[in-house]
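*Asks:* Here you go, one structure.
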Amino acid sequence: MTTRHRRIALSLTLSCAATALLPGCDALPGGDDKTTVTVWLMRGSATDAFVERFTDGFEKQHDDIDLDIRIHPWTGIGPKVQKALKRDDGPDVIEVGNTQVAQYVDGGGLEDLTLESARDLGMDDWLPGLAEPGRYRGAQYGVPWYAANRVVLYNKDLFARAGIEPPKTREQWLAATQRLNSGGNQGIYLAGQDWYTLAGFIWDEGGDLAKEKEGMWKGALDTPAALRGMDFYQRLQELGNGPEDADEEHPPQAGVFAKGDVAQMIAVPGTARAVEAKNPRLKGKIGYFPVPGKTARKPGAVFTGGSDLVVRGGTKDRKAAVEVVRALAGDKWQKDLARTMNYVPNKTTLAPAVSGNPAVAAMAAGAARGRATPASPRWALVEADNPIKAYMTKVLTGGDPAAEAKAASRRITETLDDHGR
């Protein structure tokens, strides 16, 4: 309620107290006829300036709605959201990680937004890597907000010296990387346990990390398609000195790339800032291209990270909450957010909005074929003690791929088994 509305409400309250028997004294302008929608956004997802622009713009167009936008850190957000979903006075709209939606639905805490998604929100154009994990048992609960995904960052000088242009296919990529892997330079820095990158190669082959059948989840690393994805990963990983028993953060790959003798790495474009901070001489010398696919017609599949917007189940202001989601996920504010934060907007049709930024344009091209981790509410338990990482190391150090994949798939199945709760 604005200061002006508070003054009006106070004046009328006093007036009504003095004339309690007069009709109409129970309806105060700016009181019961104005709804407050509480929104939780995560720190780093949008600038303060964007939040202020959005709030001002939204409230001007919806004079019956006040926004109360609160910023929360990602650290520890899961339990905080779970508690908030059970409260009658909890937030109305919440930003959640795209892969977190299933676990919140499973607790019965979200509104079904299937009708609004199909009728008003343009779901046919949504990025699959945001839309699919927001869907649970046939219903849409999460509305895509923004995306970010991995691309190939490359050293322009090393490519130029080798006379190589960014490749368009996997086979071209292998050939180019092999040429670049010489003269003391690494063709690519790819850690042995970069399982998000592996997932993309598996999806490209038509496989998956786990599959659901008749309500039961089963690990799928041992399928022929998934094994082909691992084989390609192994061939690419060998063309550099990435550790076989660690992920991309141990050591941080930005620091390795900053030494100047690595031709490529697979990361989100923002990693370039960390590289340039460690080695300013590389500023302006880092290029970007989408992870190549099996053919030149389309890039490779990638894991899509990002956020969805959800509405708390049982909110008393469902209509107003959906209006907020509609605005945040709509074309106007999607373009604003993408340009402000260098994100990929939530629809494939909005990719031209970021075409002027080579890094984000490369992300957007890959995001069109983005995927997310299996939409099981128990998938977080798989990642907590990740058997995929251990599987990758065993294969890269000489283990039998089929046998190791079968063992890892069995562990995934056991973890996703609802009866293990």
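*Asks:* For residue 297, are the conditions met, namely being open to solvent by 70 Å² or more (accessible area, probe 1.4 Å), at pLDDT 95 or above and in a loop (DSSP other than H, G, I, E, B)?
*Replies:* Answer is yes for this residue.
*Asks:* Here's something else I'd like to know. Within the set of pairs 6 or more residues apart or between chains, which connect a residue that is without any contact (Cβ under 8 Å) to a residue 40 or more places away in the chain and among the small types (Gly, Ala, Ser) inside region 189-206 to a residue that is open to solvent by 10 Å² or more (accessible area, probe 1.4 Å) and part of a helix (DSSP H, G or I) with Cβ atoms less than 7 Å apart?
*Replies:* Pairs found: 206/225.
*Asks:* Does region 61-83 contain any residue that is among the aromatic types (Phe, Trp, Tyr) and open to solvent by less than 30 Å² (accessible area, probe 1.4 Å)?
*Replies:* no
*Asks:* Can you tell me which of 368, 327 is open to solvent by 10 Å² or more (accessible area, probe 1.4 Å) and within 22 Å of residue 55 (Cβ to Cβ)?
*Replies:* 327 is the lone residue from the list that is open to solvent by 10 Å² or more (accessible area, probe 1.4 Å) and within 22 Å of residue 55 (Cβ to Cβ).
*Asks:* Of the residues that sit in region 340-356 and are in a loop (DSSP other than H, G, I, E, B) and open to solvent by less than 50 Å² (accessible area, probe 1.4 Å), which one is farthest from residue 271 (Cα to Cα)?
*Replies:* Here the answer is 346.
For every residue, the table says whether it meets (1) in contact with a Gly (Cβ under 6 Å, 6 or more places away or on another chain); (2) polar (S, T, N, Q); (3) buried (at least 22 other Cβ atoms within 10 Å of the Cβ); (4) within 26 Å of residue 405 (Cα to Cα).
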| residue | (1), (2), (3), (4) |
| --- | --- |
| 143 | no, no, yes, no |
| 161 | no, no, no, no |
| 176 | no, no, yes, no |
| 181 | yes, yes, no, no |
| 195 | no, no, yes, yes |
| 215 | no, no, no, yes |
| 248 | no, no, yes, yes |
| 252 | no, no, no, no |
| 258 | no, no, no, no |
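*Asks:* Further question on the same structure: Being in a helix (DSSP H, G or I) and of a type outside the set (D, E, K, R) is the filter here, so list the residues in region 177-212 that pass it.
*Replies:* Of everything in region 177-212, those that are in a helix (DSSP H, G or I) and of a type outside the set (D, E, K, R) turn out to be 177, 178, 180, 195, 196, 197, 198, 199, 200, 201, 202, 203.
*Asks:* Do you know which residues across region 260-275 are surrounded by fewer than 18 Cβ atoms within 10 Å (Cβ to Cβ) and either in contact (Cβ under 8 Å) with a residue 12 or more places away in the chain or under 17 Å from residue 197 (Cα atoms) (or both)?
*Replies:* Across region 260-275, the qualifying residues are 260, 261, 268, 270, 274.
*Asks:* Might you let me know whether region 149-158 holds any residue that is surrounded by fewer than 19 Cβ atoms within 10 Å (Cβ to Cβ) and either farther than 28 Å from residue 215 by Cβ or in contact (Cβ under 8 Å) with a residue 24 or more places away in the chain (or both)?
*Replies:* Yes, region 149-158 has at least one match.
*Asks:* Hey, residue 218 hits all of (1) assigned to a strand (DSSP E or B); (2) farther than 25 Å from residue 305 by Cβ but one; which does it fall short on?
*Replies:* (2)
*Asks:* Another question, then. What is the residue count in region 4-60 for residues that are at pLDDT below 50, of a type in the set (Asp, Glu) and surrounded by 12 or more Cβ atoms within 10 Å (Cβ to Cβ)?
*Replies:* So the answer is 0.
*Asks:* If we keep just the residues of region 376-413 that are open to solvent by 40 Å² or more (accessible area, probe 1.4 Å) and either assigned to a loop (DSSP other than H, G, I, E, B) or without any contact (Cβ under 8 Å) to a residue 12 or more places away in the chain (or both), which is farthest from residue 103 (Cα to Cα)?
*Replies:* The selected residue is 398.
*Asks:* In region 306-323, what residues are modelled with pLDDT of 95 or more and either closer than 21 Å to residue 74 by Cα or open to solvent by 50 Å² or more (accessible area, probe 1.4 Å) (or both)?
*Replies:* Answer for region 306-323, where residues must be modelled with pLDDT of 95 or more and either closer than 21 Å to residue 74 by Cα or open to solvent by 50 Å² or more (accessible area, probe 1.4 Å) (or both): 306, 307, 308, 309, 310, 311, 312, 318, 319.
*Asks:* Now for a separate question. Exactly one condition in (1) of a type in the set (Val, Ile, Thr); (2) at pLDDT 95 or above; (3) surrounded by fewer than 18 Cβ atoms within 10 Å (Cβ to Cβ) is false for residue 96; which is it?
*Replies:* Unmet for residue 96, out of (1) of a type in the set (Val, Ile, Thr); (2) at pLDDT 95 or above; (3) surrounded by fewer than 18 Cβ atoms within 10 Å (Cβ to Cβ): (3).
The values are calculated or read from the model by the stated rules, or taken from the named source; none is laboratory data. Just so you know, these numbers come straight off a predicted model, no measurement behind them. Glycine gets a Cβ as well: all are built from the backbone with ideal geometry, and neighbour counts include every protein chain shown. We work out accessible area using only protein heavy atoms, side chains counted, and drop any ligands, DNA or RNA first. Shrake-Rupley method; radii C 1.70, N 1.55, O 1.52, S 1.80 Å.
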